[in-house]
Amino acid sequence: MHNALTMNFIRYTFLKPLWLFTFLFAIISTSCNRGKLIHHDEKKKDTLSFKPVYGIPFTEVRRRLKNGMSFDDNGFQIEPSYKITFLNNDSASVYSPEKKQFINFYVFMEGDSIFNVARSYFKMMQMSKDSLKLQVLEVQGDTLHMKHSLVYMTFYSNDYLKNVLKTDAATLGKPDKQDTLFIKKKAELADRIPDSAFAARIPVTLESRSPRVTVKYLAVKPDVSNNFDDSDGYMNPEFNITINKAYENFSYSFWAFIDDKGQMYFDRSIDYIMPEYRESTTKTIKAIMDGYLKYYLIVKPGNTLGIVHTSAVLLNVVGRK
């Protein structure tokens, strides 16, 4: 029976929150074509104007879920990264990490302080020359889901950051005490109940202690193909492990828990196994873990905000005689 962690990882991998894709898709695109018009419950007359902030560069300093956290239950961290300048009511300059420069995009008003820029939808919550607060809107097809749009972004003008607050966006964007308490509580539960494990922001590391065994971490590089989102690297950490001079040739892929002490425990196989062979295959995988992995690998558990806790890793293990 699949445990809760496994299902969470599956849901994350294949059903990532749509607000994440909605937000991140914009920055990498150089197209200014407008998407379908969004319909919401009762479209109000548009009174939004960016005139008070024309030409003011803003940098995102904080991104939070509705509950005030920067982490969700799966361990995913939402981090501030957006930079925008409204040139007028019809266009804005948005920073592109792909091109490492600002690109101009059209701005489309959708009513009720909702606007579309760079193929992303936002609702303006607060606006002044010093700061902006936006709600990231979740979109499915041509429908806007306000009740599920639970991510909020706070921006400060570059001038306000430098000359008034005398700090920078990186400092203000760090997780706070509330995040630390949240992670600490989750870590305590995960260490007692592996099924409650969650992704470590600094993922598990595995190193070989023998020339017979090679280990490769499958790093995720942020690029156009993943909308510059490298979070799969820590949400679903994956390793290729090759064991030479094994007792026989074999190949298995499976999830394993790594607890706060660095101990490794079998979770489940991701390979399709005929029901009549599941028990014997599981025994074989556990034997490989006990006979090879626990003996030949140096395991360092993952941590979030410096708090070491149980998390899961995907292992692709190949044995060669």
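On alpha-carbon atoms, Rg over Rh for region 197-320 using Kirkwood Rh?
Details: Rg = 14.9 Å, Rh = 15.1 Å.
Here the Rg-to-Rh quotient is 0.98.
With a 10 Å radius around each residue's Cβ, average the other Cβ atoms per peptide and rank 189-195, 301-307, highest first. Intermediate values should be presented prior to the final figure.
On the way: 189-195: 16.0, 301-307: 19.3.
Put in order of decreasing packing, that is 301-307, 189-195.
Could you order the peptides 124-136, 163-175 from most to least packed, using the average number of other C-beta atoms within 10 Å per residue?
Details: 124-136: 17.0, 163-175: 13.0.
Sorting 124-136, 163-175 by mean packing, highest first, produces 124-136, 163-175.
How would you order 277-290, 249-262 from highest to lowest mean count of nearby Cβ atoms within 10 Å? Can you show the working numbers first?
On the way: 277-290: 14.2, 249-262: 17.2.
The peptides rank, most packed first, as 249-262, 277-290.
Read-outs: derived from the displayed coordinates by stated rules, not from any lab. Since the structure is predicted, the reported quantities are computational estimates derived from the model, not experimental observations. So basically every Cβ, Gly included, is an ideal-geometry build from the backbone, and we count neighbours across all protein chains shown.
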